[in-house]
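Reviewing the structure listed below.
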Amino acid sequence: MSTVSQKYRVQDLARFGGTKTFDRVRGTPNLVRPDIEKVLNYSHEFFEARRYTNGGPLVRKLEARLALLHGVKHCVAFSNAFWAIVTTIRSLSIDGRTELVMPSLTYRRLADIVSWTGLTPHFCEVNPETLAMDPKFAIKAVNERTALLLSPHPIVNNCDIAGMEELSQQTGIPLVFDSVESAMETYRGKMIGGFGRAECFSMHSSKLLNGFEGGYVTTNDGALAEQLAYIRGFGFADEDKVVALGLNAKLNEVHAAMAHAAIDDLPDQIERNKKRYHAYRSLLENLREIRLLEFDADERRCFKSIVVELLDSWPLSRSETIDLLHAEGALVRPYYSPPQHLKKMAYATICEDLHETERLAERFLLLPCGEHVDEEDIRQVVDLLVFMRGHSTEIRAAFAGGARS
Ligand SMILES: *Cc1c(COP(=O)(O)O)cnc(C)c1O
């Protein structure tokens, strides 16, 4: 637990010379820590069999387990979501076409992933209600060059899956979901994993399931699953028969051991996440200038991340807010900001006017959460926000003074 550092005056803020609230930083990555004994127990199996990688026993069991959890026929494990997404796009995109439609306001490196497929990211606007790709806006970016629709779920709740599937059907363009942020959740009561042609997930330590690094694809398409598995391992169908241009994106056994232990812990993790979410929800009720993005109560949710909107009535700018909280050791993050179309990329991208994305990209914040954050930390983060609201005039003056000196 951190030392309590009560703020009375603006000079008590760490940004202006006061004592930091958190001596050890509180960030936003999940960093779940499964039981080490469980990780070691699983590890014995591959270690004794001397099967360290190349589809060893734990990876195979993990694929079966994940397919069952997602309610799909097939799961193909990868070294990370990056190559899972590249491989899926390459396998499904329409031959001879050159563009991929995706939102700009999403995971900051998603366009990089797409550029490795050789397709050009064509950014579309998002729905301001869901902060997600939506058929109404996506269709404006669809043309005769569109090879694939890539629809990422937002951090809180889902994109309009049914609407996106309808758009895919109407246009004949294959649809893939980046479901990293909706892992182990439901849509209209059905587990995420079986929608579109395929869905991609990450097991990076910052995500819901910690496999150190790792990723996987779920699908009900057997031919696709087979193709993905070939490409993942150099394109080998058997010892000396190569059937596709492959790469090396295999998941290894020790990562699979970690992932198994993380799955064992998942029901408990969700309960812990839910406690943090409810702590934020009740404390933020007194702060009308900040709106917590609430999780759908009628779907299964994992409550991993805490996203808030700074409303127009919030008296400080977002960058001032971030600046003050960072100085206190609270590593809050702007939500998917800057959006990808405003960043300098090493490759070409296409976009129309994305003013809504640009407006939204300035309004949201991820607050500290994950396994290293406890309810006392949450109280302190909200206390800081309350203090900032109450002293905004002096804070702005202090910022202006700092700029002058
Ligand atoms: C983290 C993330 C990825 C990439 O996952 P890696 O396993 O780190 O390659 C892709 N999409 C989204 C939405 C993510 O959050």
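The values are calculated or read from the model by the stated rules, or taken from the named source; none is laboratory data. Here the structure is a predicted model, which is why all the values come from computation and not from measurement. FYI the Cβ positions are ideal-geometry reconstructions off the backbone, even for glycines, and counts take in every protein chain you see. With ligands, DNA and RNA removed, areas are computed over all heavy atoms of the protein, side chains included. Shrake-Rupley method; radii C 1.70, N 1.55, O 1.52, S 1.80 Å.
Worth pointing out:
- When region 300-342 is limited to residues that are assigned to a strand (DSSP E or B) and not aliphatic (A, V, I, L, M), the one that is farthest from the chain's Cα centre (by Cα) turns out to be Glu309.
- Which numbered condition Asn41 fails, given (1) open to solvent by 10 Å² or more (accessible area, probe 1.4 Å); (2) within 12 Å of the ligand (Cβ to nearest atom); (3) over 22 Å from Val243 (Cα atoms): (2)
- When Ala84, Ala138, Ala147 are checked against the criterion of being out of contact with any helix residue (DSSP H, G or I) (no Cβ under 7 Å at 6 or more places or on another chain) and either more than 15 Å from the ligand (Cβ to nearest atom) or assigned to a strand (DSSP E or B) (or both), a single residue qualifies: Ala147.
- Test for Ala244: is it in contact with a helix residue (DSSP H, G or I) (Cβ under 9 Å, 6 or more places away or on another chain), of a type outside the set (Asp, Glu), surrounded by fewer than 21 Cβ atoms within 10 Å (Cβ to Cβ) and assigned to a loop (DSSP other than H, G, I, E, B): yes
- Residue among Arg276, Arg318, Arg291, Arg301 that alone is within 18 Å of Arg389 (Cβ to Cβ), of a type in the set (Lys, Arg) and open to solvent by less than 40 Å² (accessible area, probe 1.4 Å): Arg318
- For region 23-67, filtering for residues that are within 18 Å of Ala229 (Cα to Cα), assigned to a helix (DSSP H, G or I) and not β-branched (Val, Ile, Thr) leaves 10.
- Residue list for region 182-209, restricted to those being part of a loop (DSSP other than H, G, I, E, B), more than 11 Å from the ligand (Cβ to nearest atom) and not basic (Lys, Arg): Met184, Glu185, Gly189, Ile192, Gly193, Gly194, Phe195, Gly196
- Residues satisfying the stated conditions in region 26-36, i.e. surrounded by fewer than 18 Cβ atoms within 10 Å (Cβ to Cβ) and touching a helix residue (DSSP H, G or I) at 6+ places or on another chain (Cβ under 9 Å): Arg33, Asp35, Ile36
- Test: residue in region 113-126 that is under 19 Å from the mean Cα position of the chain (by Cα), part of a loop (DSSP other than H, G, I, E, B), surrounded by fewer than 20 Cβ atoms within 10 Å (Cβ to Cβ) and more than 16 Å from the ligand (Cβ to nearest atom): no
Conditions tested, residue by residue: (1) among the basic types (Lys, Arg); (2) open to solvent by 30 Å² or more (accessible area, probe 1.4 Å); (3) closer than 19 Å to Thr88 by Cα.
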| residue | (1), (2), (3) |
| --- | --- |
| Ala147 | no, no, yes |
| Glu165 | no, yes, yes |
| Gly193 | no, no, yes |
| Cys200 | no, no, yes |
| Asn210 | no, no, no |
| Gly214 | no, no, yes |
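- Scanning region 371-387 for residues that are open to solvent by less than 10 Å² (accessible area, probe 1.4 Å) and in a loop (DSSP other than H, G, I, E, B) yields a single hit, Val373.
- For first residues located in region 64-89 and more than 20 Å from Tyr107 (Cβ to Cβ) and open to solvent by 10 Å² or more (accessible area, probe 1.4 Å), partners that are more than 16 Å from the ligand (Cβ to nearest atom) and of a type in the set (Val, Ile, Thr) and lie 6+ apart or on another chain with Cβ distances below 6 Å form the pairs His74/Thr219.
- Single match in Ser182, Ser168, Ser202, Ser206 (criterion: touching a residue at least 12 places away in the same chain (Cβ under 8 Å) and farther than 25 Å from Ala249 by Cβ): Ser168
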